[in-house]
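Just so it is clear, none of the values below were taken in a lab; they were calculated from the coordinates. Values in this document were obtained by computation on a predicted structure and should not be read as measured data. Methodologically, a virtual Cβ is constructed for each residue, glycine included, from the backbone with ideal geometry; neighbour enumeration extends over all protein chains shown.
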Amino acid sequence: GLGWNDLHHAWSKNGTKYTWEELATHLKTKIIPEESIRNIPEQPPVNLPSRKELPVLGTLAPDIVQLDNAEQSKVTEFDKMARNKRDKQEEEGFGDRVAEMQQRSAPLVNEELLEKRLEILFSYVEPD
């Protein structure tokens with residue numbers, strides 16, 4: 001999701017699955033500490049086939065510049081199509097990005113909630 005490939009941890013190796021404890025330890029000791037150091041991208045990286053990044057000596061040839069621009073256009077179009085598909089699916093009742101961002105359990109009701117504004121998500125059906 002975040003494009004932090006150097007923090008990747010496989011689910012299994014050589015046919016042996018890692019335990020949830022091993023995966024949780026990696027999450028707690030490697031990934032979570034990096035969240036405060038690294039920038040979290042606003043959009044996930046899009047991994048489409050592209051030309052290999054090579055060192056440049058001098059100026060890029062016009063066809064390479066054109067190829068790079070076309071590649072960026074493909075990424076933009078891919079992102080636009082994905083967002084449109086997500087919006088269409090939400091309109092059809094499949095998924096809800098706002099609901100998915102909510103925490104799974106309600107917060108503890110204690111004095112910390114005094115004077116706080118709460119937002120509550122309700123499901124309702126409105127007749128046409």
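A few comments on the model shown:
- Glu53-His9 FRET efficiency (beta carbon distance; Förster radius 30 Å; 0.05 resolution): 0.75
- In units of the rule-of-thumb radius 2.2 N^0.38 Å, the stretch 40-80 shows an alpha carbon radius of gyration of 1.37.
- Per residue Cα convex hull volume in Å³ - calculated over the chain: 274 Å³
- Principal-axis analysis of the Cα atoms of the chain puts helix 62-91 at an angle of about 20° to the longest axis.
- Judged by the mean number of other Cβ atoms found within 10 Å, the most tightly packed of the peptides 109-121, 86-98 leads the ranking 86-98, 109-121.
- Average Cα contact separation per residue, the chain, under 8 Å, 6 or more apart, as relative contact order %: 20 percent
- Three principal axis lengths of the stretch 88-128 [C-alpha, angstrom, descending]: 40, 21, 13
- Per-residue [θ]222 nm for the chain (sum of -39500 (n - 2.57) over DSSP H runs n ≥ 4, rounded to 500): -11000 deg cm²/dmol
- Applying a DSSP loop filter and a limit of 12 other Cβ atoms within 10 Å to the GluC sites (Glu not before Pro) in the stretch 1-46 leaves Glu42.
- More than 15 angstrom apart: percent of Cα pairs within the stretch 53-128: 76 percent
- Between Asp79 and Glu111, the FRET efficiency estimated from the beta carbon spacing at R0 = 41 angstrom works out to 0.40.
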